[in-house]
Amino acid sequence: MQFIDLKKQYQILKSDIQINIDKVLEHGQYIMGPEVAHLEEKLAKFAGSKYCLSCSSGTDALLIALMAKGVKSGDAIITTPFTYIATAEVISLLGATPIFVDVYPETFNLNPDKITDAVNKAKNMGLKPKGIIPVDLFGLPARYRLIENIAKELNLFVLEDAAQGFGGSIRDKKAGSFGDIAATSFFPAKPLGCYGDGGAIFTDNTELFSLMNSIRVHGQGESKYDCDRIGLNGRLDTIQAAILIPKLEIYDKEIELRQKVANLYSENLGNCKKIQVPFIPKDYKSVWAQYSILLENDKVRSDVIDALRLEGVPSVVYYQKALHLQKTFEKLGYKVGDLPIAENISNRILSLPMHPYLDEISIKNISKIIKSVF
Ligand SMILES: *Cc1c(COP(=O)(O)O)cnc(C)c1O
């Protein structure tokens with residue numbers, strides 16, 4: 001069994017994808033070919049955002065957004081410690097300082113009640129608080145209405161890290177449309193993935209859009225040969241755009257299938273008191289990048305992992321270590337116990353096989369193995 005089975009989807013889309021790749025090979029515009037703009041238009045429409053810029057990865061999407069916001073040394077950016085390293089890495093890469101705030105124990109997403117304290121902490125450190133990066137962890141959007149209100153009050157920008165959340169929503173508003181800018185990833189294992197690295201940036205702001213457009217291609221100006229600012233080589237390959245176009249066409253259907261898989265897991269596991277199944281607040285929709293359960297403790301989790309492995313079922317711990325305890329952030333001075341909820345979750349979390357084509361028998365079987373441990 002695969003943790004994420006990408007082959008099943010490929011079998012379904014095989015001819016469409018191959019035709020699209022062939023088209024690119026024939027027209028030869030490997031960089032910024034017509035498929036790129038075509039995809040961007042479709043992505044913007046999907047997310048309900050005015051502009052979309054495709055780019056080289058989710059990490060670069062975050063980086064380009066922060067560069068457009070002028071983030072630099074002496075600035076503080078507030079984010080969650082319970083996420084993939086890329087979220088905080090880009091902050092440090094620009095010389096700014098990540099300030100981690102704890103998460104909700106139910107959704108594992110950034111707790112907006114902690115933002116004001118973090119802003120004060122940054123100021124006490126002599127830093128200038130500039131923005132917040134909430135993460136749509138495991139596919140569930142963060143609490144944007146509240147975060148956006150607090151951000152406005154404190155004069156901070158909001159950058160949505162929708163690398164796992166693209167396809168999720170709150171009421172009728174889709175991930176990719178929250179905050180001032182949103183960033184997503186098309187890494188193959190993400191809910192909407194390409195066959196290499198890729199990402200996208202979304203905004204409604206015309207000025208930010210043209211800045212990010214310039215940064216994406218070496219800070220280019222009006223003419224291709226003008227350089228107005230420092231930028232990067234941050235484009236999405238035409239071939240990856242050609243691969244994403246047919247995938248986006250079936251994405252809504254796949255999101256429904258993901259929801260069915262999640263429902264089946266929760267039905268099968270939810271009646272066991274020793275297992276905390278995912279909690280999705282009212283009006284929220286997760287895109288189920290991961291289906292993650294909480295177990296009693298580290299020891300029980302190891303037993304569950306072993307029981308699954310014995311039956312050939314892969315499982316993964318996202319994330320073993322909260323970011324504030326990573327070696328690279330040692331200099332920030334965090335200690336064990338500083339962000340107790342994120343730390344507690346990292347000792348108990350376990351993600352189970354999850355993809356749109358996971359069948360009911362497998363889900364029942366996985367659930368049975370897990371429950372057999374108790
Ligand atoms: C995957 C991921 C990223 C980085 O995306 P890449 O395309 O791998 O660079 C950033 N943030 C989160 C939360 C992610 O899961």
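The values are calculated or read from the model by the stated rules, or taken from the named source; none is laboratory data. None of the values given here were measured: they were computed from a predicted structure. Cβ placement follows ideal geometry from the backbone for every residue including glycine, while neighbour counts extend to all protein chains displayed. For the accessible areas, the whole protein counts, side chains as well, though only heavy atoms, and no ligand, DNA or RNA atoms are used. Shrake-Rupley method; radii C 1.70, N 1.55, O 1.52, S 1.80 Å.
The figures follow:
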{"item": "Separation of the Leu93 and Gln18 label points, Cα + 7 Å toward Cβ, nm", "result": "3.6 nm"}
{"item": "Dipole in debye (nearest 20) - the chain, about Cα centre, beta carbon charges: Lys, Arg +1; Asp, Glu -1", "result": "700 debye"}
{"item": "Segment Met32-Asn124, extension gain: residue separation times 0.36 nm, minus the distance between their alpha carbons", "result": "28.6 nm"}
{"item": "The stretch 106-183: proportion of alpha-carbon pairs further apart than 21 angstrom, %", "result": "25 percent"}
{"item": "Average accessible surface area per residue within the chain, 1.4 Å rolling probe, Å²", "result": "45 Å²"}
{"item": "Loop-exposed trypsin sites (Lys or Arg not before Pro) per DSSP, neighbour cap 11 Cβ within 10 angstrom, longest uninterrupted part of the chain", "result": "1-170"}
{"item": "Within-13-Å neighbourhood charge of Asn297 [Cβ basis; K, R +1; D, E -1]", "result": "0"}
{"item": "Point-to-point label distance, Leu146-Glu267, nm (Cα→Cβ direction, 7 Å offset)", "result": "3.1 nm"}
{"item": "The chain, relative contact order in percent, only Cα pairs under 8 angstrom and at least six apart counted", "result": "21 percent"}
{"item": "Assigned charges on the beta-carbon of Lys, Arg, Asp, Glu; the stretch 1-48 dipole about Cα centre (debye)", "result": "200 debye"}
{"item": "Radius 13 Å from Cβ of Arg309, net charge of other residues (Lys, Arg +1; Asp, Glu -1)", "result": "-2"}
{"item": "Whole-number D in µm² s⁻¹ for the stretch 219-340, Kirkwood Cα-pair radius fed into Stokes-Einstein, 4 °C, 1.567 mPa s", "result": "66 µm²/s"}
{"item": "Built amide H within the under 5 Å cut-off of Gly219, gap 5+", "result": "Gly231, Leu232"}
{"item": "Global geometry of the chain, whether rounded, prolate or oblate, following the gyration tensor of its Cα atoms and the 1.5 cut on a/c", "result": "oblate"}
{"item": "Reach of Lys72 by Cα under 24 Å, taken over lysines that are not fewer than 8 positions away in the same chain", "result": "Lys114, Lys121, Lys123, Lys128, Lys130, Lys152, Lys327, Lys331"}
{"item": "Karplus 3J(HN,Hα) series, Hz, for the stretch 303-313 with 6.51 cos²θ - 1.76 cosθ + 1.60 (x for Gly, Pro)", "result": "4, 5, 4, 5, 4, 5, 4, 4, 9, x, 9"}
{"item": "Cα pair distances of the stretch 170-249 binned at 10 Å [whole percent]", "result": "17, 39, 36, 9, 0"}
{"item": "For Lys128, distant residues with modelled amide H under 5 Å away", "result": "Asp75, Ala76"}
{"item": "Relative contact order of the stretch 299-374, defined on C-alpha pairs under 8 angstrom at six or more residues apart (%)", "result": "42 percent"}
{"item": "Label-point separation, Arg309 to Glu106 (7 Å along Cα→Cβ), nm", "result": "3.4 nm"}
{"item": "Accessible surface of the chain [probe 1.4 Å, protein heavy atoms]: carbon and sulfur percent", "result": "51 percent"}
{"item": "Formal net charge of residues neighbouring Ile133 (Cβ-Cβ distance under 9 Å; K, R +1; D, E -1)", "result": "-2"}
{"item": "Span from the the stretch 128-194 Cα centroid across to the the stretch 3-29 one, whole angstrom", "result": "29 Å"}
{"item": "Long-range amide H partners of Ser57 with built H, under 5 Å", "result": "Gly199"}
